[in-house]
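A.B. asks: Here it is, the structure in full.
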Amino acid sequence: MKCGHCGAVIDDDSVFCSVCGSNQHGLPNEDVWRRYFKPDEGPGVRVVAPPQDAKNKWWAILCFLFPIVGLILYFVWKKDLPHRARSCGYGAAVGAFVWALAGICLFMFTLPTQ
């Protein structure tokens, strides 16, 4: 079978094109994801991340700079976009640690000396 979007040769039972990521059923990506890959179906069901879900360094950097945003995004995206949520979670955890360490160092160095 050929992809209707980019023309690449793909498997006959493919839901998404392995080259461009477009879905082959004419439905919005969210509907295809919900219809074919339902993570709450139980054990033994193949779960594939939707095409818009990917590890993303820009989300990790944003969440590093603003850890509370990363924490919120992690819990919002945890079920539907697990890879993106994990990037936000890592960024938030590292950011919170670095910001806390910087605050402690700043506090220690600004103490009056006798």
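A.B. asks: Round to a whole number: what % of the accessible area of the range 48-114 belongs to carbon and sulfur, probe 1.4 Å? Walk me through the numbers before you get to the answer.
C.D. replies: Values: 3710 of 4890 Å².
Ligands and nucleic acids excluded, carbon and sulfur give 76 percent.
A.B. asks: Give me the 1.4 Å probe accessible area per residue for the range 52-103, excluding ligands and nucleic acids, in Å².
C.D. replies: Values: 3410 Å² over 52 residues.
I get 66 Å² per residue for the range 52-103.
The values are calculated or read from the model by the stated rules, or taken from the named source; none is laboratory data. Here the structure is a predicted model, which means the values were calculated and not measured. Ligands, DNA and RNA are excluded from the accessible area calculation, which covers all protein heavy atoms including side chains. Shrake-Rupley method; radii C 1.70, N 1.55, O 1.52, S 1.80 Å.
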